[in-house]
Amino acid sequence: MERFRDEVRRVGHKAEEDLHAFERELRKVGEGAEHDAEAVLREGPEVPEAPRWHHRWILFPLSSVWQFVRRNGKRVGVTIAGFALILVGIALLVLPGPGWLLIFAGLALLSTEYVWAQRMLNKAKQQAQKARDKVVEKKNARAERKAAKRDAASGSPTDA
C-alpha cells in the first residue's frame, strides 16, 4: 500500500481516483492484499512521468523568454520599430532628411500600443494645426495687403 501511495505521488495525476480504486480493490481481496497489490502495480498501465521544469534546467530560461515573445511579440516589435523611427527622425533633424515626418510616423506606430504615445501624437497634431493656421493667416494677410496695395496703386493713376 505504501509503495502504491509513493507511486501515486511520483506520477502526480489522477492520484486520488487511482488511490480510491486501489483501496476498493484491496478490500475485495482481503488480508493477502499486500502481495496482490504488488501484482496489481505490475499489471497496471505504465504512466510516463511528465517532464518538469527542473528536468530541463538548461532550457528553462530560454523557453520562458520564447513564451514571453510569443505572447507579446507584436507589442515588442511595435515598440522597437517605433523607437527606431523616432531616433532616426531625431538624427534627421540635424542631418538632411525628413526628420519630423519620421518622428510623427514613430509616434503613430507607438500609439497603436501605448496610450502615452497616442496622447503625445494628439498634442503634436494640435500644435501642427495651430502652426498651419498661423501660416495660412499670415499668407492671407499678406495677400490682402498686396491686393490693397495693387488696388491703391492702380486706382491712383486712373483717378488723377
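Values in this text are rule-based calculations from the coordinates and carry no lab data. Keep in mind that this is a model prediction, so the values were computed, not measured. Cβ atoms come from the backbone with ideal geometry, glycine included; neighbour counts cover every protein chain shown.
Brief remarks on what is shown
- Percent of C-alpha pairs per 10 Å bin in the range 68-112, short distances first: 33, 41, 19, 6.
- Calculated FRET efficiency, Ala91 to Ser64, Cβ-Cβ distance, R0 = 45 Å: about 0.80 to the nearest 0.05.
- Seen from all directions on average, the range 72-159 presents a Cα convex hull projection of 8.0 nm².
- Charge tally in the Cβ shell below 15 Å around Leu110, where Lys, Arg are +1 and Asp, Glu are -1, Leu110 excluded: +4
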